[in-house]
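The values are calculated or read from the model by the stated rules, or taken from the named source; none is laboratory data. None of these values were measured; they are calculated from a predicted model. As a convention, Cβ positions derive from the backbone with ideal geometry for all residues, glycine included, and neighbour counts pool all protein chains shown. All accessible areas refer to the heavy atoms of the entire protein, side chains included, with ligands and DNA or RNA removed. Shrake-Rupley method; radii C 1.70, N 1.55, O 1.52, S 1.80 Å.
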Amino acid sequence: MNVYTDIESPIGTLLLVGERTPDGSVRLASVSMDGQRSAPKIGDGWVADAEAFAEVTRQLQEYFAGTRIEFDLAATITGTDFQRRVWDALDTIPHGTTTTYGALAAQLGLPRDRVQALGAAIGANPLLIVRPCHRVVGADGSMRGYAGGVERKQWLLASEGAIAPLLV
């Protein structure tokens with residue numbers, strides 16, 4: 001059974017989706033943003049349960065407050081073998097840093113013709129923020145696509161100190 005809740009954040013409303021396990025606990029399946037392409041849609045039979053996400057909410061609030069640099073959450077394992085390999089590599093990118101698509105491909109031993117597939121796997125990451133796909137940038141430092149929007153990617157990187165804060 002899917003459960004969900006919405007939480008407010010400095011970058012807008014986040015939708016948290018989880019799957020209830022036989023023991024009654026909830027494993028995080030998705031963190032998505034308002035207006036995100038391919039974000040999950042609340043389905044029939046889904047149950048709103050903010051309490052089930054108390055730990056996720058606490059850790060996200062700490063991240064946004066600048067007091068958390070890593071997440072320690074039970075999550076549902078999804079995706080193809082290739083996607084999971086890419087997502088595991090994302091988890092190794094330290095807070096406050098960035099890497100490039102090319103460097104990530106090299107780390108994974110992928111040939112140049114697989115960089116597009118790498119980008120697609122990054123774009124399919126269901127755990128925005130928690131699994132730091134926002135830390136991957138273009139070779140020239142440019143903000144390449146982000147499912148939650150490039151402005152949010154820039155905000156996240158600036159809040160981590162990986163890029164200069166944006167002037168408004």
Please tell me the relative contact order of segment 81-160 in percent, rounded to the nearest whole number, where contacts are Cα pairs under 8 Å and at least six residues apart.
34 percent
When the charge dipole of the chain is computed with +1 on Lys and Arg Cβ and -1 on Asp and Glu Cβ about the Cα centre, the Cα farthest towards its positive end, among G12, I69, V150, belongs to V150
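How long is the gain from E151 to Q107 if the chain were fully straight, where each residue apart is worth 0.36 nm and the alpha carbon distance is subtracted? Present the calculation step by step, with values, prior to reporting the outcome.
Values: separation 44, 0.36 × 44 = 15.84 nm, distance 2.70 nm.
Between E151 and Q107, full extension yields an extra 13.1 nm.
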Between (i) 48; (ii) 20; (iii) 27, the structure-derived percent of Cα pairs over 26 Å apart is (iii)
Magnitude of the Cβ-charge dipole (Lys and Arg +1, Asp and Glu -1) of segment 1-142 about the Cα centre, nearest 20 debye, reported as 500 debye
Please list D113, D91 in order of solvent-accessible area, largest first, computed with a 1.4 Å probe with all protein chains present.
D113, D91
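Stretch E51-R20 to full length: gain in nm at 0.36 nm per residue minus the Cα-Cα span?
9.9 nm
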Estimated inter-spin distance, I7 and T67, nm [label 7 Å along Cα→Cβ]
1.3 nm
Give me the distance in nm between label points sitting 7 Å out from Cα along the Cα-to-Cβ direction at A117 and F82, one decimal.
0.3 nm
